[in-house]
1. What are the residues in the range 283-334 that are in contact with a Lys or Arg (Cβ under 8 Å, 6 or more places away or on another chain) and among the β-branched types (Val, Ile, Thr), if any?
2. In the range 201-221, what residues are touching a residue at least 60 places away in the same chain (Cβ under 8 Å) and either surrounded by 15 or more Cβ atoms within 10 Å (Cβ to Cβ) or within 24 Å of Trp135 (Cα to Cα) (or both)?
3. Answer yes or no as to whether Gly294 is assigned to a loop (DSSP other than H, G, I, E, B) and either among the small types (Gly, Ala, Ser) or touching a Gly at 6+ places or on another chain (Cβ under 7 Å) (or both).
4. From the list Thr235, Thr231, which residue is hydroxyl-bearing (Ser, Thr, Tyr), at pLDDT 95 or above and buried (at least 16 other Cβ atoms within 10 Å of the Cβ)?
5. Just to be sure I understand, how many residues within the range 111-123 are of a type in the set (Gly, Ala, Ser), surrounded by fewer than 16 Cβ atoms within 10 Å (Cβ to Cβ) and touching a residue at least 40 places away in the same chain (Cβ under 8 Å)?
6. Which of the residues spanning the range 303-341 are closer than 23 Å to Asp253 by Cβ and hydroxyl-bearing (Ser, Thr, Tyr)?
7. For the range 79-97, give me each residue that is of a type in the set (Phe, Trp, Tyr) and at pLDDT 95 or above.
8. Any idea which of Ser255, Ser279, Ser248 is outside any strand (DSSP E or B) and either within 17 Å of Val323 (Cα to Cα) or at pLDDT 95 or above (or both)?
Amino acid sequence: MNVKLIPAWLCLVAVPAAVRAQLPNASQQVEVMQQRRQVESLAGLGGDTNAVPEFYAGEDSDVGPQSVVQLKARHPRFTVAADVQYFYTDNMFLTRNDKKGSDVMVDTAQAALEPAPRELGGGSFAPRIGFEQQWYNYGLAERSSFTAYDPALPGDTTARRNSFDFNAQTVSLDGKWYRGPWTVCIGGDYRRLLETGDYDQFYTEFVPRWAVERAFELSRTTGLSLGYEGTYRITETVLTSPGLDATSNNRTDHSLVLTGSWKLCGHAVLQPYYRFEYSHYTGIRRDDYLNSFGLALYCPLCRHAALRAFAGYDHLNTDGAYVDSYDNLTAGGGLSLTIAF
């Protein structure tokens with residue numbers, strides 16, 4: 001990725017535009033992927049089961065398993081997973097005006113160690129440590145170029161969407177406490193973003209996080225989940241500009257998430273969701289308000305594989321000086337493979 005190549009419509013001035021094109025969009029793409037996978041986990045789709053997903057941990061012990069065969073998970077266990085998502089976004093640079101669409105492919109490889117759960121406070125506590133590698137690739141189907149500005153060169157030049165490819169590496173450590181329909185989670189992630197090709201690091205963040213979730217069973221086929229999620233992002237950016245420094249993206253996020261689940265059959269779950277997120281930047285004057293709506297269809301194929309299709313709409317309002325409020329529509333699908341030892 002040529003980190004100096006900046007789309008002309010993003011440029012208020014040369015250097016701040018570089019910060020906007022390289023860092024916020026890349027980090028926000030990763031955050032969106034993480035949020036989408038959190039919503040998927042609320043459906044109970046871990047890939048290592050052929051059962052109808054539970055509405056909450058331990059539900060099967062109350063009402064009995066909802067499939068012909070329910071294999072009991074062994075602990076401790078080591079999990080390896082691979083995932084591919086392919087989707088279209090109508091606003092790859094997350095701008096208000098002159099939006100550019102692109103197809104996006106996100107490939108993920110993951111490994112995690114899950115020690116045996118322990119009884120704690122009348123519930124079960126399950127720790128986990130994992131590593132994840134992701135590759136973000138733009139414009140596989142759209143090869144056209146657009147006008148861009150390079151601060152290092154006079155005049156305009158051209159860029160292709162794959163000039164903004166990047167990858168992400170994440171180490172995570174967390175623990176979840178389950179008791180009936182309640183889940184409490186506390187943990188942290190260390191993440192770094194790198195250019196594709198040279199693997200030069202351009203962004204890092206350490207993210208302490210905490211969450212609480214309550215599931216509601218409405219019937220044997222429908223349920224709701226209401227959750228709160230909080231994070232604090234301690235960041236470092238390689239590219240800086242006047243008025244901004246390497247830690248200007250430090251912020252705290254607070255989210256409310258409402259998720260519905262409708263079991264269509266033994267191998268299909270329809271899941272609408274809504275997320276409201278408030279972000280307060282601690283080093284600069286900036287507050288963001290994000291509303292996200294989505295609908296997903298999850299289809300477990302077997303114990304180790306699952307298909308999904310999804311569509312989502314994001315609307316962000318911000319008072320930041322170097323960023324835009326924006327609307328973003330995405331739609332696509334994915335395939336995941338998971339094996340636990």
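The values are calculated or read from the model by the stated rules, or taken from the named source; none is laboratory data. On a predicted model such as this, the values are computed, not experimentally measured, just so you know. When we count neighbours, we look across all protein chains shown, and the Cβ atoms used for this are built from the backbone with ideal geometry, even at glycine.
1. Matches in the range 283-334: Thr318, Val323.
2. Phe202, Tyr203, Glu205, Glu213, Ala215, Glu217
3. Values: assigned to a loop (DSSP other than H, G, I, E, B): no; either among the small types (Gly, Ala, Ser) or touching a Gly at 6+ places or on another chain (Cβ under 7 Å) (or both): yes.
When the stated conditions are applied, Gly294 does not pass them.
4. Numbers: Thr235 fails: at pLDDT 95 or above.
Selected residue: Thr231, the only one of Thr235, Thr231 that is hydroxyl-bearing (Ser, Thr, Tyr), at pLDDT 95 or above and buried (at least 16 other Cβ atoms within 10 Å of the Cβ).
5. The initial filter retains those residues of the range 111-123 that are of a type in the set (Gly, Ala, Ser), namely 111-112, 116, 121-123.
Those left that are additionally surrounded by fewer than 16 Cβ atoms within 10 Å (Cβ to Cβ): 111, 116, 121-122.
With the extra rule that they be touching a residue at least 40 places away in the same chain (Cβ under 8 Å), the set shrinks to 116, 121-122.
Summing the residues that are of a type in the set (Gly, Ala, Ser), surrounded by fewer than 16 Cβ atoms within 10 Å (Cβ to Cβ) and touching a residue at least 40 places away in the same chain (Cβ under 8 Å) in the range 111-123 gives 3.
6. First, the residues of the range 303-341 that are closer than 23 Å to Asp253 by Cβ: 310, 312-330.
Scanning the range 303-341 gives Tyr313, Thr318, Tyr322, Ser325, Tyr326, Thr330.
7. Just the residues of the range 79-97 that are of a type in the set (Phe, Trp, Tyr), to begin with: 86-88, 93.
Tyr86, Phe87, Tyr88, listed by residue number.
8. Details: Ser255 fails: outside any strand (DSSP E or B); Ser279 fails: outside any strand (DSSP E or B).
Being outside any strand (DSSP E or B) and either within 17 Å of Val323 (Cα to Cα) or at pLDDT 95 or above (or both) holds for just one of Ser255, Ser279, Ser248, which is Ser248.
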